[in-house]
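Heads up, the thing below is written out as structure tokens.
Every number in this text was worked out from the coordinates using simple rules, so none of it is lab data. It should be emphasised that the depicted structure is a prediction, and the values quoted were computed from it without experimental measurement. Here the Cβ positions follow ideal geometry from the backbone for every residue, glycine too, while neighbour counts run over all protein chains shown.
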Amino acid sequence: MSSILYDDIELPEDLSEDASTLIQELLEKDPEFRLGSGDAGAEMIKEHPFFKDMDWDHLLQRRITAPYVLGNEDLESQENPGCQAPALPPTAARIPSELQEAFRGF
């Protein structure tokens, strides 16, 4: 919990600069400075350099093809264990109010 609130974000070095800044700005701990939290909201995110080649109208019209679509064989692959389907469905757990309070406005 304290890591979420106080630690710096560690990103893989092979991410592009645009991807790194997008992630860092979306995960900004102070909501006043977080990308997308101002009056412009989603427009701020859409204008980020990471999305410079994105045609938002085509996306809205579903005219953009996904670069890669996972299939069941990908979920079962031992080469990508992070994508394996969970053995059991997650259970809903009540989050204590003091933990919820830490995320107010996030």
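With +1 on the Cβ of every Lys and Arg and -1 on the Cβ of every Asp and Glu, and nothing else charged, how large is the dipole of segment 2-102 about its Cα centre, in debye rounded to the nearest 20? If you can, show how the numbers build up before the last one.
On the way: 7 positive and 23 negative charges, 111 e Å.
Around 540 debye, computed over segment 2-102.
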Q) Can you give me the relative contact order of the chain as a percent, contacts being Cα pairs under 8 Å and 6 or more apart? A) 15
Q. With a ≥ b ≥ c the root eigenvalues of the C-alpha gyration tensor of segment 1-51, is it rounded (a/c under 1.5), prolate (a/b larger than b/c) or oblate?
A. oblate
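Rounded to the nearest 500, what is the chain's calculated 222 nm mean residue ellipticity when only DSSP H runs of at least 4 contribute -39500 (n - 2.57) each, over all residues?
So the calculated ellipticity at 222 nm is -7500 deg cm²/dmol.
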Q) In segment 2-102, what is the volume of the convex hull around the alpha carbon atoms, normalised per residue and reported in Å³? A) 201
